[in-house]
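The values are calculated or read from the model by the stated rules, or taken from the named source; none is laboratory data. A quick note: this is a predicted structure, and the numbers were derived from the prediction, not measured. No Cβ is skipped: glycine too gets one built from the backbone with ideal geometry, and neighbour counts run over all protein chains shown. The accessibility values were calculated without ligands, DNA or RNA, using every heavy atom of the protein model including side chains. Shrake-Rupley method; radii C 1.70, N 1.55, O 1.52, S 1.80 Å.
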Amino acid sequence: MKNITAYLSMLLCGMALLSSCSGEKEPPPPLTYTGENPRVQDPLSPEDSQKHIQLPEGFKAELYAAEPNIINPIAFTWDERGRLWVVQSKDYPHGLANDVGGDRITICEDTNGNGRADKFTDYATEQNLTTGITLVKGGAIVSQAPNMVFLEDTDGDDKMDKSTVLFDGFGTWDTHAGPSNLRYGLDNMIWGSVGYSGFENQFQGKPVEFKMGVYKFAKDGSYFEPVGQFNNNTWGLGFNENFEIFGSTANNNHCCYVGIPLKHYDYLKKMPSWAVNADFIQGHYEISPVDTIPLQQVDVRGGYTAAAGANFYTARNYPEEYRNQMYVSEPTGHLVHIAKIVNDGAGYKEVDGGNIFASTDAWTAPVFAETGPDGNLWVADWYNPVIQHNPDKRGMDNQIWNADKGEGNAHKNPLRDYGHGRIYVITHEDADDSEITSLNPEDDKELLKALKSDNMFWRTTAQRLIVENKKVSLIPDLINLASNNIVDKSGLNAGALHALWTLKGLGTLNGSNAEANEVVQKALTSSSYGVKRAALALLPQSKESSEILAQSGLLSSPDPQIKLAAVLRAGELPESNALYTEIEKLSKDDASTSDKWLNAALKIYFRELNLQEVDPSTVVMIVPSAEEKKSTWKYTTDKPSDNWTKLEFDDSDWKKGAAKFGGNNMKQVNTPWSSSDIWMRQEVIIADEISEPVIKIAHDDDYEVFVNGQLLISEAGSSETYKYIKLDGDKGDLFKQGKNLIAVHCVNTGGNQHIDMGIGKVGKIKADVTFVLNTVNQEMAFDKKTLHATAGQTVEIVLNNKDQMSHNLVVIQPGSLDTFGAMVDGFLKNPEAEKMGYVPKSRYVLGATDMLTPGVTGSVVFKLPDTPGIYPYVCTFPGIGE
């Protein structure tokens, strides 16, 4: 199921996108090759390779640094003096056992102003597997799995002389799946991403386990918070100018938006089906390279398989259409992609913006792109013929990789290069020189001015310097800056936004400064979207804030994204009548509840549990409802003592009645109930374990169900008909074999009233034959190629995903493989494909598992037709095609 059609159209599209270049250009230098199998292009000099780069009209790529001074650049950042700090990684991918690390961090400077670095200072050498860097007072925080490390310069000579591990916990079994993309956030925390090697540690006595995605932590390493859970190897994290969180994954999902941070789901043990945390908003599957040479791609072919970085262009040198858009590097396609971010309800979606940088040099491999202090996009070119990490047996023409696995879970390859690397700066012909070239931490006036810079780099750097140096004398100026309501033509009030977060970093918003608290309240009425979002986040945790938010009008804002931020903040503040009233009104607004982000935020506010309604035909009843047989309960309408839910409670003076209980006007009521409350108890004998409990219930209105004194479920609202709610598996532990006490409390909040319930478990469809399949780690394959069953049998296939990418299993009709494969290839371009598990609604499909993330097990049960034949089973995750 190779994506041949999509690949050819991709090539044509790519050539059209970048064919318009400024002026007549001489042909790029010819490419030469060595060898036959594989036939490998020879490297070009930096100057010759530069001529193979294609950019949109008005742009050019200028070389800033190259080998021998810079080799294998994997990440970079800048200090307050505007100097470039580059991570050179020779340890990747096999350098796990080095006694002396091969990585180094180099400070690069252009001392004569000609646009090329001419001074190189090694800040740190002999480092191991360094994959990310951000600067703080006194040095650099770097990611070196398994550790997060502070490399400190104690004497100011631009040489690291002290190394401190802030914390550990990052996995090391796969060196291209560790931590990366470190950056200083507007919230004064350090942010980063991590791939499927994952993270596991304890902070403040609580375990933290995180598979992959984006996170943040305190600069001193005392706090760590997972923020966005992604679904495959993550090498991208970015902020737009309003401090909204985005990211990218290596495979397929090159554009992700984190609209509801994970902390909002902390009250749940696992994410329910209605939850939304990180949404995969990519608007297209294929990449658009500018060459016709088949791409060397191991995993996803023709699409994003090594997407790295998710940084936004956050300055003003480029035309407006390039601003606040996300730039994603795809080294296997030799390009930097423009992911155009557009509003979509309370969230966002991506539109294909083409490329800003693409090369016909097969060695060119952009791995990182970021807005620099000069207001231009800078690009790290790994410059290497071998980008592929995973060992893989699947072949292709002129294959450059192999299946010989080495350290770091990477394939061994003598063609990996350790002698090249380039840094480019993408400039525009209409750009102006930056007003700021460096910042003096001691110049307060300069720092305040920089908070209003049109370049987010300088704004964030000024904020960091003020916070790190505890410049509390600037608080009055910051309050004044945060009070202004001047927005630019894009709706941004950058000075006020950064001033608010700077006040937070100085500890001014802890309630001790009334004037500072007032400016936060005033910011709720700002004309700037970003300032309003910041003000919501910075409201003090108090009842007064609840009243302020309720009266602010933001919960009924016509802007769904502001409404989302307001609802999420409301869910964190103490509840008040006014706040509840506003949320209740919003929960009855169809436009809000039909938006997946707002719907999830409302459920979070009401602390909705992980409830999943199931098909009644799959449920085996254990404690019957009145619909199955006569069900007798002890009940009272007088409030009992607190221990009424426990087995030992004496209910001898309670009445007996048969369910259903309800008002006289209700159908199928056997016992009248007309008071506001009813309490019910029933002793039941349970013979077997209940691993997947199901509540069958009809209720009007709110109810609570207890088992042996422990809360099983509570829910507000009403349901006239019975619904079957599957509960978390751990709820089954509340039941014990033998005698159990079921207790129910129902409240009538107005209008009709009724209550009846039963307890069941998910029954399993009996299969005639069960097969167990495993995905083969790093090989994009199932461990069994053939399964034997008899026509007409009911078959169950259990799939254990032991790979580090998502997989499913789809069983299709005989003879449909090519047709279905072509259908899937086209379906992958559908923006809804990811939400549908990459399985189209096709008549060829007999059955399919869910899309299983790494480490997850799922199954599919289906009945084979009576006609014997060969029924293919495949995976439809893009680029795999087992």
Residue match in the range 671-678 (condition: farther than 12 Å from HIS754 by Cα, surrounded by 17 or more Cβ atoms within 10 Å (Cβ to Cβ) and at pLDDT 90 or above): no
Residue that is farthest from GLY354 (Cα to Cα), among those in the range 246-270 that are open to solvent by 20 Å² or more (accessible area, probe 1.4 Å) and touching a strand residue (DSSP E or B) at 6+ places or on another chain (Cβ under 8 Å): LYS263
Output for the range 131-151, where each listed residue is part of a loop (DSSP other than H, G, I, E, B) and over 19 Å from GLU200 (Cα atoms): LYS137, GLY138
Subset of the range 708-751 (residues that are of a type in the set (Phe, Trp, Tyr) and either without any contact (Cβ under 8 Å) to a residue 12 or more places away in the chain or open to solvent by 40 Å² or more (accessible area, probe 1.4 Å) (or both)): TYR722
Residue, nearest to GLY751 (Cα to Cα), within the range 648-670, restricted to residues that are open to solvent by less than 20 Å² (accessible area, probe 1.4 Å) and under 49 Å from the mean Cα position of the chain (by Cα): GLY663
Breaking point among (1) under 30 Å from LEU568 (Cβ atoms); (2) surrounded by 16 or more Cβ atoms within 10 Å (Cβ to Cβ), for THR645: (1)
Of all residues in the range 838-872 being assigned to a loop (DSSP other than H, G, I, E, B) and in contact with a strand residue (DSSP E or B) (Cβ under 7 Å, 6 or more places away or on another chain), the one that is most open to solvent (accessible area, probe 1.4 Å): ASP850
Out of ILE53, ILE70, sole residue that is touching a residue at least 40 places away in the same chain (Cβ under 8 Å), open to solvent by less than 20 Å² (accessible area, probe 1.4 Å), in contact with a Cys (Cβ under 9 Å, 6 or more places away or on another chain) and among the β-branched types (Val, Ile, Thr): ILE70
From the options THR154, THR164, THR172, residue that is outside any strand (DSSP E or B), surrounded by fewer than 17 Cβ atoms within 10 Å (Cβ to Cβ) and of a type outside the set (Phe, Trp, Tyr): THR154
The range 115-129, residues that are assigned to a loop (DSSP other than H, G, I, E, B) and modelled with pLDDT of 95 or more: GLY115, ARG116, ALA117, ASP118
Residue identified as out of contact with any Ser or Thr (no Cβ under 9 Å at 6 or more places or on another chain), surrounded by 17 or more Cβ atoms within 10 Å (Cβ to Cβ) and within 27 Å of LEU186 (Cα to Cα) among ILE583, ILE604: ILE604
Residue that is within 30 Å of GLY115 (Cα to Cα), touching a strand residue (DSSP E or B) at 6+ places or on another chain (Cβ under 9 Å) and either open to solvent by 20 Å² or more (accessible area, probe 1.4 Å) or modelled with pLDDT of 95 or more (or both), where the choices are ALA369, ALA462: ALA369
The one condition in (1) in contact with a Gly (Cβ under 7 Å, 6 or more places away or on another chain); (2) outside any helix (DSSP H, G or I) that GLU572 fails to fulfil: (1)
The range 752-781 - residue that is more than 36 Å from the chain's Cα centre (by Cα) and farther than 21 Å from GLN710 by Cβ and, of those, surrounded by the fewest Cβ atoms within 10 Å (Cβ to Cβ): LYS766
Exclusive hit being within 12 Å of the chain's Cα centre (by Cα) and closer than 29 Å to GLY530 by Cβ, set PHE224, PHE239, PHE246: PHE246
Some residue of the range 680-703 being among the hydroxyl-bearing types (Ser, Thr, Tyr), part of a loop (DSSP other than H, G, I, E, B), surrounded by fewer than 14 Cβ atoms within 10 Å (Cβ to Cβ) and at pLDDT below 95: yes
Pair list, Cβ under 6 Å, 6 or more apart: the range 497-516 residue without any contact (Cβ under 8 Å) to a residue 60 or more places away in the chain and under 18 Å from SER453 (Cβ atoms), other residue part of a helix (DSSP H, G or I) and among the basic types (Lys, Arg): none
Any hit, the range 782-789, residues being surrounded by fewer than 17 Cβ atoms within 10 Å (Cβ to Cβ) and either within 23 Å of MET680 (Cβ to Cβ) or under 31 Å from the mean Cα position of the chain (by Cα) (or both): yes
Flag for GLY238 being out of contact with any helix residue (DSSP H, G or I) (no Cβ under 9 Å at 6 or more places or on another chain) and open to solvent by 50 Å² or more (accessible area, probe 1.4 Å): no
Candidate set: the range 188-211, residues that are within 20 Å of the chain's Cα centre (by Cα) and without any contact (Cβ under 8 Å) to a residue 24 or more places away in the chain; chosen: the one surrounded by the most Cβ atoms within 10 Å (Cβ to Cβ): PHE210
In the range 51-72, the residues that are in a strand (DSSP E or B) and under 19 Å from VAL367 (Cα atoms): ILE53, GLN54, LYS60, ALA61, GLU62, LEU63, TYR64, ALA65, ALA66
Meets criteria (closer than 20 Å to GLN127 by Cβ and in a strand (DSSP E or B)) for GLY192: yes
